[in-house]
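As structure tokens, the structure follows; a few thoughts come after it.
The values are calculated or read from the model by the stated rules, or taken from the named source; none is laboratory data. As the structure is a prediction and not an experimental result, all values here were calculated from the model. Here the Cβ is made from the backbone with ideal geometry for all residues, glycine too, and neighbour counts use every protein chain on show. We work out accessible area using only protein heavy atoms, side chains counted, and drop any ligands, DNA or RNA first. Shrake-Rupley method; radii C 1.70, N 1.55, O 1.52, S 1.80 Å.
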Amino acid sequence: MTPERKGVGGVEFFQLRRVDEAQSLFLEACPKGPLGVEELDLLEAHGRCLAEDVRSAGDLPAFDRSSVDGYAVRAGDTFGASEGLPAYLRVVEEIPMGRAPARRLGPGECARIATGGMLPDGADAVVMIEHTEHLAADEVGVLRAVSPGENVMRRGEDCPAGGVLVPAGRPLRAQELSLLAHAGVLRVRVARRPRVAIVATGDELVDPGEEPGPGQIRESNSFALRALVAEEGGQPVFLGRAPDVRDAVEAKLREALKYDVVLVSGGSSVGARDMTAEIIGGLGRLGILVHGVNLKPGKPTILAVVDGRPVVGLPGHPVSAQVVFALFVSPLLRRLLGLPPFPGHRPAVRARMAKNVASAAGRVDVLRVALEARDGELWAEPVQGKSGLITTLTRADGAVIIREEKEGLLAGEWVDVHPI
């Protein structure tokens with residue numbers, strides 16, 4: 001039977017949902033981004049998400065340029081040229097880099113030009129230097145014909161004046177920074193980073209710098225969650241630990257609701273001492289949306305929205321917490337930055353399963369795997385271990401998602417391995 005438990009306001013806790021159903025319910029109830037806009041210098045904006053289109057003030061490039069080292073020519077003067085019957089042209093100029101040509105090309109004339117050099121008026125193509133022969137200081141033989149526009153970057157070809165250089169919603173990588181600087185754009189408006197409050201709960205937790213006593217463990221989930229939030233463009237804020245005391249947990253969660261998103265680690269399992277779901281359900285509207293997902297690891301996940309603030313209760317086991325983050329928190333943070341929650345292309349590596357793996361139909365299993373190269377093919381070796389064993393993540397290169405309709409994977413079967 002499906003485990004159930006009544007919570008605040010009659011909400012049924014731990015009624016298992018499909019992963020896709022839980023994602024849809026949660027994201028539809030969450031705010032849409034961006035949450036705000038700020039203007040930054042270009043280098044400060046590295047990794048941030050553009051809040052609006054950036055348009056070019058002028059044509060890029062601003063003039064016709066050569067894309068090779070060679071000779072600027074009138075293409076018609078080279079038609080029919082071959083190694084056996086070169087086209088002979090008079091060299092009338094050498095165009096220095098960073099300077100405008102001194103004259104217009106006439107029939108039968110050419111100009112020596114370097115990559116990036118400005119084409120003279122009258123020229124419509126460039127012959128690569130490898131396809132010429134030097135005859136005299138002012139004469140060159142063309143050994144191969146070129147067509148109009150060949151080896152030329154046309155004015156405005158990269159981006160015309162008024163065109164979109166970088167669209168809204170694009171994270172700014174090194175490539176975008178280079179293009180914007182090339183266009184003279186030194187400040188940009190970016191989406192405000194979602195502020196994500198992180199709370200750890202549990203009597204068994206001690207600080208990482210402490211020596212654990214009997215039955216205690218060092219708290220580590222907050223370190224992973226802070227790093228994952230930052231990687232997704234959020235601003236993590238760790239609010240500390242709370243013991244398994246109702247008033248203490250509630251006080252931490254009320255403090256956390258001052259932020260844009262709340263992540264609470266631990267306290268999501270069914271049990272007499274796990275009161276997190278009841279507390280969240282009584283903090284405000286809408287309350288609990290999902291408590292329990294048909295997922296391994298990560299079954300006791302809590303998804304809620306409290307007075308417009310998304311709240312996610314992650315299992316205390318480190319592997320479960322990081323799987324739940326990838327499936328629910330990562331899409332949320334993308335949405336709050338104005339990005340599609342699920343990218344159209346998720347980079348994955350194709351590999352063959354090294355062993356048979358069993359899975360329960362109707363449940364999503366996230367299988368950690370290590371990649372091995374064998375005879376020119378990649379093989380995915382399952383990394384065995386329970387969700388509390390952090391080394392199953394550090395030994396894994398990626399994860400294979402086994403969908404609800406599958407009852408397992410066969411050795412030799414091709415799978416998509418999503419990098420961790």
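Strictly over 18 Å apart at the Cα level, which of 296/406; 386/406; 299/386 would you flag in this model? The answer is 386/406. Of all aspartates and glutamates in the structure, those lying under 13 Å Cα to Cα from residue 355, and not within fewer than 8 positions of it along the same chain, are 372, 381, 413.
Each of 391, 201 has its accessible area taken with a 1.4 Å probe; listed largest first, they run 391, 201. The ellipsoid equivalent to the alpha-carbon distribution of the chain has semi-axes of 60, 27, 18 angstrom, derived from the gyration tensor eigenvalues as √(5λ) and listed largest first. Note on residue 418: accessible area approximately 60 square angstrom, rounded to 10, probe 1.4 Å, nucleic acids and ligands left out. Label zone of residue 386 (point 7 Å out along Cα→Cβ, amide N under 19 Å): in the stretch 312-337 this covers 315-324. The alpha-carbon positions of the stretch 14-100 define a convex hull whose volume is 299 Å³ per residue. With q set to 0.19 Å⁻¹, the log10 of I(q)/I(0) for the stretch 277-330, from the Debye formula over equal scatterers at the Cα positions, is -0.59. The alpha-carbon of residue 32 sits under 22 angstrom from the alpha-carbons of these lysines, leaving out residues fewer than 8 places away in its chain: 258.
The Rg/Rh ratio for the stretch 101-161, using Cα coordinates for both the radius of gyration and the Kirkwood hydrodynamic radius, is 0.97. The DSSP beta bridges internal to the stretch 283-417 are antiparallel in roughly 85% of cases.
Look at the alpha carbon pairs under 8 Å that are at least 6 residues apart: their mean separation over the length of the chain gives a relative contact order of 17 percent. Charged neighbours of residue 120, selected by a Cβ distance under 14 Å, balance to +1 (K, R count +1; D, E count -1).
Ligands, DNA and RNA left out, the accessible area of the chain computed with a 1.4 Å probe is 51% carbon and sulfur.
Over all pairs of different C-alpha atoms in the stretch 311-420, the reciprocal of the mean inverse distance, the Kirkwood hydrodynamic radius, equals 14.9 Å. Normalised by the empirical 2.2 N^0.38 Å for globular proteins, what value does the Cα Rg of the stretch 72-193 take? Against the empirical 2.2 N^0.38 Å value, I get 1.41 for the stretch 72-193. The C-alpha atoms of the stretch 139-275 occupy a region whose extents along the principal axes are 90, 32, 27 Å, arranged from largest to smallest. Its Cα gyration tensor gives the stretch 372-419 an equivalent ellipsoid. The semi-axes, each the square root of 5 times an eigenvalue, are 19, 17, 9 Å from largest down.
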